[in-house]
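Here the structure comes first, spelled out in structure tokens, and everything after it is commentary.
The values are calculated or read from the model by the stated rules, or taken from the named source; none is laboratory data. What you are looking at is a predicted structure, and each value in this text was computed from that prediction instead of being measured. Don't worry about glycine lacking a Cβ; one is built from the backbone with ideal geometry, like all the others, and counts go over all protein chains shown. Calculation scope for accessible area: heavy atoms of the full protein, side chains included, ligands and nucleic acids excluded. Shrake-Rupley method; radii C 1.70, N 1.55, O 1.52, S 1.80 Å.
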Amino acid sequence: MSTVDAPTSHLRENPYDIAREQLQRVATTFDIDANLVNVLGECKKSVEVSVPVGMDDGSTRVFKGYRVTHNVARGPSKGGIRYHADVTRDEIKALAMLMTWKCALMGIPFGGAKGGVVVDPKQLSRSELERMTRRYTSEIINEIGPEKDIPAPDVGTDASVMAWIFDTYSMNKGHSVLGVVTGKPLAIGGSLGREEATARSALYSIRDAAAKQDRSVAGMRVAVQGFGQVGSYLALFLHQEGAIVTAVSDSTTALYNAKGIDVPAAFAHKREFRTLAGLRDAEAITNEELILLDVDVLAPCALEQVITGENADRVRASIVCEGANAPVTPAADAILEDKGVLILPDVLANAGGVVVSYFEWVQGLQEYFWKESEVNAKLNDIVSRAFEETWETARARDVSMRVAAYGVAVQRVAEATITRGIYP
Ligand code: NAD
């Protein structure tokens, strides 16, 4: 018999407590009614399911899954599905709440949701992953739907997983339901530009922030943590814009080159070998060292709570761009703010994914698909408008970009809730 050490979770603090504290802080700053804050601080629905899967070796394993809807005042709920060993119900609730604010800040007609399965997808064969996804989809089939709750990719899930969700749902309904999930492959109703969209919004946010400071992306030194759907494209786009990406990392490898990582080579290497390990012309560092590098922009694009009260005072970047959701804890937020670091918050910087998911949903409902240039131009409009609203609110109220962004968003959800009234 072999024993395996339980992995140490990346969640040092309860993420749902953090999300509710942030709501409370924003509510105080923006004078939002306490009764409404009580409503907005809770998730509308939280479903826990068990997902039994027949494994390739003949054994059966049972995985735990969640689907949480935070709020639907502004439209059907929208949010990714995460496959990760550290998934907890409170993490999913926190991410669902964040989705509500993100959709509201972007002005798209969705509420917030999130789903997850407690699993390390790298440990499963492709057929095991497919069976698990189809069974999880069946267990939550009454929760999701194009007018109800629309999943999308997140950490550990991709377009193939979305294809299996789409197919399982459609088989049960007896016809193809394009709008049930976004982030689908192009062959079955995906949108051009969806895969790169989250990174694009992070790029646009950095570009707009640089412009406010009379700087330009070209020549900026950048460190990107996480080299998945968000981080790898962000590194590539920044490199194409003339930035010097001095460090990149994934869960096992962090790499540094003062003159700049060869990002296209790293991108190709990661796709071929599924790891950054073995990439040439770069020095190995640790993920913690990456966070503390002397760069202009630090872009955490992996998981939550990587910049904390313990390391924030040693962060040397002048801009932190949250490609990931909630990578900066409230304690770190306060320290970075005191140091004058400009934080481009998650609900702004990584909102491109949900914006182009919205475009994909619209295209699917209309069964009419747009050109990539059209998708990117519309995305740019929405993100830049949200950046401007956030920037102006931050200036007018003398608050951080995070408080401003959440404030704009929470006010919109509060207004929708008041306008609709509390049923019955
Ligand atoms: P992904 O699974 O494609 O990639 C995650 C990357 O992070 C991988 O390269 C992985 O190796 C790396 N990683 C994991 N643990 C790490 C660690 N401890 N240190 C360094 N790297 C580590 O996931 P993704 O879709 O790129 O999502 C990343 C983040 O962006 C998450 O916070 C997610 O919620 C957020 N996000 C994603 C989307 C989207 O459209 N995919 C949209 C908005 C926000």
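Averaging Cα coordinates gives a centre for the range 18-56 and one for the range 95-117; these two points are 11 Å apart.
Amide H contacts of Asp149: Ser77, each under 5 Å away and 5 or more positions distant or on a separate chain (H built 1.01 Å from N in the peptide plane; Pro and chain starts excluded).
Taken along its three principal axes, the alpha carbon spread of the range 197-349 comes to 40, 31, 26 Å, from the longest extent down to the shortest. Dipole magnitude for the range 197-349: about 500 debye, using +1 per Lys or Arg Cβ and -1 per Asp or Glu Cβ, origin at the Cα centre. Using the average count of surrounding beta-carbon atoms within 10 Å as a protection proxy, the listed peptides 96-104, 48-56, 147-155 rank, highest first, as 96-104, 147-155, 48-56. Out of every Cα pair in the chain, what percent are spaced more than 42 Å from each other? It works out to 9 percent of all Cα pairs. The aspartates and glutamates whose alpha-carbon is closer than 12 Å to the alpha-carbon of Lys93, local same-chain residues fewer than 8 away aside, are Asp17, Glu42, Glu48. Peptide packing: for 57-67, 334-344, the average count of neighbouring Cβ atoms within 10 Å per residue gives the ranking 334-344, 57-67, highest mean first.
The residues of the chain expose on average 42 square angstrom of accessible surface per residue, using a 1.4 Å probe on protein heavy atoms. Each peptide among 351-362, 287-298 gets the average number of other Cβ atoms lying within 10 Å of its residues, and from highest to lowest they stand as 351-362, 287-298. Taking the accessible area of the range 197-349, probe 1.4 Å, and keeping the other protein chains in place, the carbon and sulfur fraction comes to 49%.
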